[in-house]
There are 2 protein chains.
Amino acid sequence: MHVAIPLYPRFTALDAVGPYTVMAFAPGHTVTFVAAEPGPVTDDRGSLTLQATASYADLPHPDVVIVPGGVGTFDALADQALVDWIAEAHAHARWTTSVCSGSLLLGAAGLLGGRKATTHWALLDFLVRYGAEAVSERVVTEGKIVTAAGVSAGIDMALTLLAQTSDVETAQAVQLVIEYDPRPPFDAGSPKTAPEGLAERALALLG
Amino acid sequence: MHVAIPLYPRFTALDAVGPYTVMAFAPGHTVTFVAAEPGPVTDDRGSLTLQATASYADLPHPDVVIVPGGVGTFDALADQALVDWIAEAHAHARWTTSVCSGSLLLGAAGLLGGRKATTHWALLDFLVRYGAEAVSERVVTEGKIVTAAGVSAGIDMALTLLAQTSDVETAQAVQLVIEYDPRPPFDAGSPKTAPEGLAERALALLG
């Protein structure tokens, strides 16, 4: 099972590396970071650089696509090589997935018309522009498309996906090896539970 | 607040990138990946390469140290330059922290004698060799040392830490921007809740 994660300038590191770690621990799964050309790609905080080891042309037909989000997504929507690669990869893939604003790229590739999908809580209205039915859920599966909510939701998405690309027992074994038994110190991870006024403060961090 | 994350061959990607993402979103925090020499460092799955942008000599006295774990930790225990850097950095740091098997490196640096600490569930017995009182908790704070359980626990640790290096409201805002409202699809993230026999299967994934 070959998993491709496209990287573009100013992706969010955890969007890519959460699902990477889950899938890379699974037997029979190979994960490759791809980009327009192999080489370094820097995240949206500016301090983390990951290596893409293959170009889009090198890996046109992966079995699984995982598109991360990030502050750079809005520029990436105009990156025709990336959007075309997603559309072409999707046509052949078993699963096409996204984390956070990565679902906007699935939308730009024409994959979300009439389909339920999710994204970061602050961006649900943007999804509608691509004809999607935007839903506020952690992980949304519609046919062979799986979309996740913001950033850390990629871990939940990848474990859900792994139960499909492998089996439930393997997904549980990966969950146990990464000790994914979360204990957030605060109950502020969703706008539904966060203290009043926190959303504005959270969005200001993206600047 | 300058945060240093040392990278060594065969670290676990999420151990480093979970806390990185949390701290890098916080105002007034700069995060730098360090290594013996600046350059690429590859993770324990073999498919992810992060850039270290500073050497140990470049950054001897960060305010915060976050030591990731990984399959490579056992080799890293014999890496005297790394162990010495941790000991020296700790002497001046406000906070010295670890994720997963990273706490064994704190132990090798002589920081854990007589102190409560934690690590990946499979490695608690190893901690005792360094004189630590090994406890099975998600995040353990002892003075200025904070240790986390396996891999994904680094996210909980970093949010706990950020409430100290910044304030609770900032930590909550970061939690909201990364939508850290976890919904694991299975209840298998701890040996206390995982199905019988899953621990052996999980450990086999590390090979």
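The values are calculated or read from the model by the stated rules, or taken from the named source; none is laboratory data. Please read all numbers here as calculations on a predicted model, not as lab measurements. Positions of Cβ are backbone-derived with ideal geometry, glycine not excepted, and every protein chain shown enters the neighbour counts.
Within segment A:52-92, being in contact with a His (Cβ under 8 Å, 6 or more places away or on another chain) and part of a strand (DSSP E or B) holds for A:Val64, A:Val65.
A:Leu161 satisfies every condition listed in (1) surrounded by 24 or more Cβ atoms within 10 Å (Cβ to Cβ); (2) in a loop (DSSP other than H, G, I, E, B) except (2).
Of everything listed in (1) in contact with a Lys or Arg (Cβ under 9 Å, 6 or more places away or on another chain); (2) touching a residue at least 12 places away in the same chain (Cβ under 8 Å); (3) not in a loop (DSSP other than H, G, I, E, B), the single unmet condition for A:Leu176 is (2). Would you say B:Asp44 is crowded, with 16+ Cβ neighbours inside 10 Å, among the charged types (D, E, K, R) and under 22 Å from A:Phe33 (Cβ atoms)? Answer is yes for this residue. Kindly check whether there is at least one residue in segment A:70-86 that is of a type outside the set (Phe, Trp, Tyr), touching a residue at least 24 places away in the same chain (Cβ under 8 Å) and within 14 Å of another protein chain (Cβ to nearest Cβ). Looking for residues that are of a type outside the set (Phe, Trp, Tyr), touching a residue at least 24 places away in the same chain (Cβ under 8 Å) and within 14 Å of another protein chain (Cβ to nearest Cβ), one finds at least one in segment A:70-86, hence yes. Scan segment A:93-124 for residues that are touching a strand residue (DSSP E or B) at 6+ places or on another chain (Cβ under 7 Å), part of a helix (DSSP H, G or I) and more than 20 Å from A:His2 (Cα to Cα) and the total you get is 3. Give the residue that is farthest from the other protein chains (Cβ to nearest Cβ), with candidates limited to residues of segment B:127-144 that are in contact with a Lys or Arg (Cβ under 8 Å, 6 or more places away or on another chain) and closer than 14 Å to A:Pro185 by Cα. By that ranking, first place goes to B:Val140.
Scanning segment A:70-83 for residues that are aromatic (Phe, Trp, Tyr) and in contact with a strand residue (DSSP E or B) (Cβ under 7 Å, 6 or more places away or on another chain) turns up nothing.
Those residues that are crowded, with 16+ Cβ neighbours inside 10 Å, in contact (Cβ under 8 Å) with a residue 24 or more places away in the chain and assigned to a loop (DSSP other than H, G, I, E, B), I need them from segment A:135-158; list them, please. Once the filter is applied, which keeps residues that are crowded, with 16+ Cβ neighbours inside 10 Å, in contact (Cβ under 8 Å) with a residue 24 or more places away in the chain and assigned to a loop (DSSP other than H, G, I, E, B), segment A:135-158 yields A:Ala149, A:Gly150, A:Val151, A:Ser152.
Within the set A:Asp181, A:Asp187, the sole residue that is within 7 Å of another protein chain (Cβ to nearest Cβ) and out of contact with any Leu (no Cβ under 8 Å at 6 or more places or on another chain) turns out to be A:Asp181.
Within segment A:115-134, residues that are more than 20 Å from A:Thr193 (Cβ to Cβ) and without any contact (Cβ under 8 Å) to a residue 24 or more places away in the chain sit with their Cβ atoms under 7 Å from residues that are part of a loop (DSSP other than H, G, I, E, B) and of a type outside the set (Val, Ile, Thr), at 6+ positions apart or across chains, in these pairs: A:Glu133/A:Arg115. Checking each residue in segment B:9-18 for being part of a loop (DSSP other than H, G, I, E, B) and either facing chain A (nearest Cβ under 9 Å) or surrounded by fewer than 24 Cβ atoms within 10 Å (Cβ to Cβ) (or both) picks out B:Pro9, B:Arg10, B:Thr12.
Considering A:Arg201, A:Arg183, the condition of being of a type in the set (D, E, K, R), closer than 26 Å to B:Gln175 by Cα and assigned to a loop (DSSP other than H, G, I, E, B) is satisfied by A:Arg183 alone.
In this structure, does B:Thr147 turn out to be more than 10 Å from chain A (Cβ to nearest Cβ), of a type in the set (Ser, Thr, Tyr) and within 16 Å of A:Pro185 (Cα to Cα)? It is true that B:Thr147 is more than 10 Å from chain A (Cβ to nearest Cβ), of a type in the set (Ser, Thr, Tyr) and within 16 Å of A:Pro185 (Cα to Cα). The number of residues in segment B:121-148 that are closer than 13 Å to B:Pro19 by Cβ and hydrophobic (A, V, I, L, M, F, W, C) comes to 3. Taking segment A:55-73 as the range and being surrounded by fewer than 16 Cβ atoms within 10 Å (Cβ to Cβ) and out of contact with any helix residue (DSSP H, G or I) (no Cβ under 8 Å at 6 or more places or on another chain) as the test, the residues that pass are A:Ala57, A:Asp58. Counting only residues that are among the aromatic types (Phe, Trp, Tyr) and either on the phi > 0 side of the Ramachandran plot or part of a loop (DSSP other than H, G, I, E, B) (or both), how many does segment A:19-30 have? Going through segment A:19-30 one residue at a time, the tally reaches 1. Residue pairs whose Cβ atoms lie under 6 Å apart, separated by 6 or more positions or on different chains, with the first residue in segment A:19-30 and at the interface with chain B (Cβ under 8 Å from one of its Cβ atoms) and the second at pLDDT below 95, do not occur.
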